[in-house]
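Visitor: Shown below is the structure under consideration.
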Amino acid sequence: MTKPKIRVLDPDEHGLLVGLGPFKDRGPDPATSLVVVAEDEQGKIIGYWCAFNAVHLEPLWVAEAERDNGVGMAMWAGLREALKEHGVANGFAMIADEDLLTHLPLAVGKLGFKRVPVSTLFIDLDGETEGFVRA
């Protein structure tokens, strides 16, 4: 095989990914996604890599004297409503391994988050990773 052609899809081409790999029913949202594809000699898409904006739902902070008084739940209700009003359909939050026992029951139980079996990886495209790497 010759070297594939690598290019960025135009937003109006995102529908070309429907049915390929994880995009069973719809392609990525052109408003929030950047997609690089690999094409064979005939222009057939033989691979893609997507980058997309994701809503990161953190940090959360409540003054210590106000904890366990419903402030966090009230903020969650307000945040959830604001996200819906802005057309946000999903988001994610990260919990440090050492905080799982205390934070996970709240996130999954009361707030409705779902735990997904993935590992989070980080890359700084400028190569500056100090401060982000855990020992």
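Let's see how each residue does on (1) loosely packed, with under 13 Cβ neighbours inside 10 Å; (2) within 30 Å of residue 17 (Cβ to Cβ); (3) within 17 Å of the chain's Cα centre (by Cα); (4) modelled with pLDDT of 90 or more:
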position	(1), (2), (3), (4)
56	yes, yes, yes, yes
65	yes, no, no, yes
83	no, yes, yes, yes
124	yes, yes, yes, no
128	yes, no, no, no
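Visitor: Restricting to region 20-46, and then to whatever is of a type in the set (Gly, Ala, Ser) and either surrounded by 14 or more Cβ atoms within 10 Å (Cβ to Cβ) or on the phi > 0 side of the Ramachandran plot (or both), can you tell me which residue is modelled with the lowest pLDDT?
Guide: Looking only at region 20-46, we keep the residues that are of a type in the set (Gly, Ala, Ser), and these are 21, 27, 31, 33, 38, 43.
Applying the additional criterion that residues be either surrounded by 14 or more Cβ atoms within 10 Å (Cβ to Cβ) or on the phi > 0 side of the Ramachandran plot (or both) yields 21, 27, 33, 38, 43.
On the way: 21: 91, 27: 88, 33: 92, 38: 97, 43: 96.
In this case the residue turns out to be 27.
Visitor: Can you report the number of residues in region 30-52 which are more than 11 Å from residue 6 (Cα to Cα) and in contact with a strand residue (DSSP E or B) (Cβ under 7 Å, 6 or more places away or on another chain)?
Guide: 6
Visitor: Given the condition more than 18 Å from residue 61 (Cα to Cα), among the charged types (D, E, K, R) and outside any loop (DSSP other than H, G, I, E, B), answer yes or no: does some residue in region 82-96 qualify?
Guide: yes
Visitor: Follow-up question, since we're still on this one. Across region 1-42, what is the total count of residues that are part of a loop (DSSP other than H, G, I, E, B), in contact (Cβ under 8 Å) with a residue 12 or more places away in the chain and over 23 Å from residue 88 (Cα atoms)? Reasoning before the result, please.
Guide: Start the filter on region 1-42 by keeping residues that are part of a loop (DSSP other than H, G, I, E, B), which leaves 1-4, 9-10, 18-19, 21-22, 24-32, 40-42.
From what is left, the residues that are in contact (Cβ under 8 Å) with a residue 12 or more places away in the chain are 1-2, 4, 9, 21, 27-32, 40-41.
Checking the rest, the ones that are also over 23 Å from residue 88 (Cα atoms) come to 1-2, 4, 9, 21, 40-41.
Residues that pass the stated criteria total 7.
Visitor: So, one more: Which residue, of 118, 108, is surrounded by 12 or more Cβ atoms within 10 Å (Cβ to Cβ) and either aliphatic (A, V, I, L, M) or touching a residue at least 40 places away in the same chain (Cβ under 8 Å) (or both)? Quick ask: steps written out before the conclusion?
Guide: Values: 118 fails: surrounded by 12 or more Cβ atoms within 10 Å (Cβ to Cβ).
Testing whether each residue is surrounded by 12 or more Cβ atoms within 10 Å (Cβ to Cβ) and either aliphatic (A, V, I, L, M) or touching a residue at least 40 places away in the same chain (Cβ under 8 Å) (or both) leaves just 108.
Visitor: Quick check on residue 78: is it part of a loop (DSSP other than H, G, I, E, B) and either small (Gly, Ala, Ser) or closer than 30 Å to residue 37 by Cβ (or both)?
Guide: Numbers: part of a loop (DSSP other than H, G, I, E, B): no; either small (Gly, Ala, Ser) or closer than 30 Å to residue 37 by Cβ (or both): yes.
For residue 78, the condition - part of a loop (DSSP other than H, G, I, E, B) and either small (Gly, Ala, Ser) or closer than 30 Å to residue 37 by Cβ (or both) - is not met.
The values are calculated or read from the model by the stated rules, or taken from the named source; none is laboratory data. This is a predicted model, so every value here is computed, not measured. When we count neighbours, we look across all protein chains shown, and the Cβ atoms used for this are built from the backbone with ideal geometry, even at glycine.
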